[in-house]
Amino acid sequence: MTQKILAADDNSLLINRLKSSLEQDGYEVTVAASGAEALELAQKNWYDLVITDAVLKGMADFELCERIREFSDVPVIILSERNKPMDKIMGFDYGADDYVSKPYNTRELKIRIRKVLKRYRKDYGNRPESDRIIVAGRLTLDKDSRTATVDHRKIDLTVKEYQLLKELASRPGKIFTRNALIFKIWGTEFSGDEKTLDVHIRRLRNKIETDPSHPQMIRTKWGVGYYFSTK
């Protein structure tokens, strides 16, 4: 399976040169020219790795890495001209898996990419199945591949749909308030309409329920919120 990389840098020449080089090695690379664009892509799509400059337009230093860590454990490699020891310490504190100084040697960077991806796969592969698989009634979630199946039928989910379903299915019977789910999935800085949650719930029901108009898995507790039922 082709491994997908998100690469973010304000320097379009540099990042597109890196994209071309990585694609020659068989990676599928998406580039972003700003912090906001990179964050939106990371929230909406699955990536095996994120490569980012420490400083991106529209964000504070290391902010992209910090924001990604709010919803994903995808490996992150920081590329930066900030090469003081304290800069590197900050990068790792914000959640980076590796820190590469600019200007970098492309061959060395590719070796680091392979090592980070290998280490990530190994760490996840060594976990017991109970840590990797969620079984809730007819639903099965694989946290490694981020896939969902209902009665052994694969369900295609967006990032937010998967996160929402995982949150609910991880604790069957627990009633989540609307605010609690919004906080868990969209974070403290969510400024959209609360109906966003209802839209995602409706889409999930259309995908996993036998009769979405009479849901048996994602249930509503009127006046409170939602819960997952295995009955």
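Bear in mind that the values in this text are calculations on the coordinates, not laboratory data. Given the structure is predicted, the values throughout are model-derived calculations rather than measurements. Counting neighbours? That spans all protein chains shown, and the Cβs are built from the backbone with ideal geometry, glycine included.
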P(r) for the chain: what percent of alpha-carbon pairs falls in each 5 Å bin, starting at zero?
1, 6, 13, 16, 17, 14, 12, 10, 6, 3, 1, 0
To the nearest 10 degrees, how steeply does helix 106-125 sit against the main Cα axis of the chain, on a 0 to 90 scale?
30 degrees
Please compute one quarter of the surface area of the Cα convex hull for segment 4-125 and express it in square nanometres.
6.9 nm²
After finding the eigenvalues of the alpha carbon gyration tensor for segment 130-228, what semi-axes result from the square roots of 5 times each, listed largest first in whole Å?
20, 16, 13
17 Å Cα-Cα reach of residue 154 towards lysines, excluding residues that sit fewer than 8 places from it in its own chain
143, 166, 207
Gain upon complete extension [residue 33, residue 213; 0.36 nm per residue less C-alpha separation]:
60.6 nm
If I model a spin label at residue 199 and residue 153 as a point 7 Å from the Cα along the Cα→Cβ vector, what separation in nanometres do I get?
2.6 nm
Please give the helix 35-44 orientation as an angle from the longest Cα principal axis of the chain, in degrees from 0 to 90, rounded to the nearest 10.
40 degrees
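What FRET efficiency do you get for residue 108 and residue 143 if R0 is 45 Å and r is their Cβ-Cβ distance, rounded to the nearest 0.05? Write out the running numbers ahead of the final one.
On the way: r = 32 Å, r/R0 = 0.70.
The formula returns an efficiency of 0.90 here.
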With springs only between Cα atoms under 10 Å apart, run a GNM on the chain and tell me which of 51, 89, 15 wobbles the most.
89
Taking Cα atoms only, helix 12-24 is inclined relative to the longest principal axis of the chain by an angle, in degrees rounded to 10, of 70 degrees
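Can you pull out the GluC sites (Glu not before Pro) in segment 154-216 that DSSP calls coil and that have at most 14 other Cβ atoms within 10 Å? Intermediate values should be presented prior to the final figure.
Numbers: sites: 161, 167, 189, 194, 209; in loops: 189, 194, 209.
Sparse-neighbourhood loop GluC sites (Glu not before Pro): 189, 194.
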